[in-house]
Ligand SMILES: [Ca+2]
Ligand SMILES: [Ca+2]
Ligand SMILES: [Ca+2]
């Protein structure tokens, strides 16, 4: 505590000597992450509320982890269809949906949002923080829009593929609800461990495996996995890698 007070004090002493413009910049650097965190939390809360509503109105469809694993090939098929949709909205074909492309995409899906809200969603769905929405994040985005705004969203994506997309999104969301035992919109490690082991009494999943699994899903390392982290991980595990992703992953550290 004393150490923290010391750092704060040193910081203030330095600020006194800085020009006013620099102080303004520091102030905006300090407030910006707070605003971002608030927008992130608001969206987390909205998603959690929609999940609770859904859990109340829907019968549980998954009873074991194996039943989820068996659906992965179907997820993969569904992802192939979404790739065509992504290409349609990635107007300049650079493999990323930027802010303007997202606004135009949300307009076509008739999702009512202000530009600021659209930008918040853009930031929220940039799960890997590489800037912009790449394909896997676009699947997360569409699934979240489906959860928040209902099946009309997928109908506007594609009348023809709508039923198939709904099926994939329903299954993905139900898989999350299977693990989110207390229905607060966050999976805890103990929930995942319990679920992984309740199907078989003889063959327990080693604890280091569930720990590793959880660590891979908990992208921001806060000890909980929310729906977007779960979706992003499942999409990776379903094995859909686009050529663009392969190319950009090679370049990343
Ligand atoms: Ca683009
Ligand atoms: Ca991204
Ligand atoms: Ca997390």
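The residues of region 92-112 that are at pLDDT below 95 and in a loop (DSSP other than H, G, I, E, B), listed by number, are 109, 110, 111, 112.
When 172, 213, 165, 142 are checked against the criterion of being at negative phi and surrounded by fewer than 22 Cβ atoms within 10 Å (Cβ to Cβ), a single residue qualifies: 213. Being within 16 Å of ligand 2 (Cβ to nearest atom), modelled with pLDDT of 90 or more and over 19 Å from residue 140 (Cβ atoms) is a description that does not apply to residue 115. Among residues that are within 12 Å of ligand 1 (Cβ to nearest atom) and under 21 Å from residue 84 (Cα atoms), residue 126 is not included.
Rundown of residues vs (1) under 28 Å from residue 97 (Cβ atoms); (2) away from ligand 3 (no atom under 15 Å from the Cβ); (3) at pLDDT 85 or above, yes/no style:
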site	(1), (2), (3)
197	no, yes, no
207	no, yes, no
213	no, no, yes
243	yes, yes, no
247	yes, yes, no
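The values are calculated or read from the model by the stated rules, or taken from the named source; none is laboratory data. Remember, it's a predicted structure, so these values are computed and weren't measured experimentally. All Cβ positions, glycine included, derive from the backbone under ideal geometry; neighbour counts span all protein chains shown.
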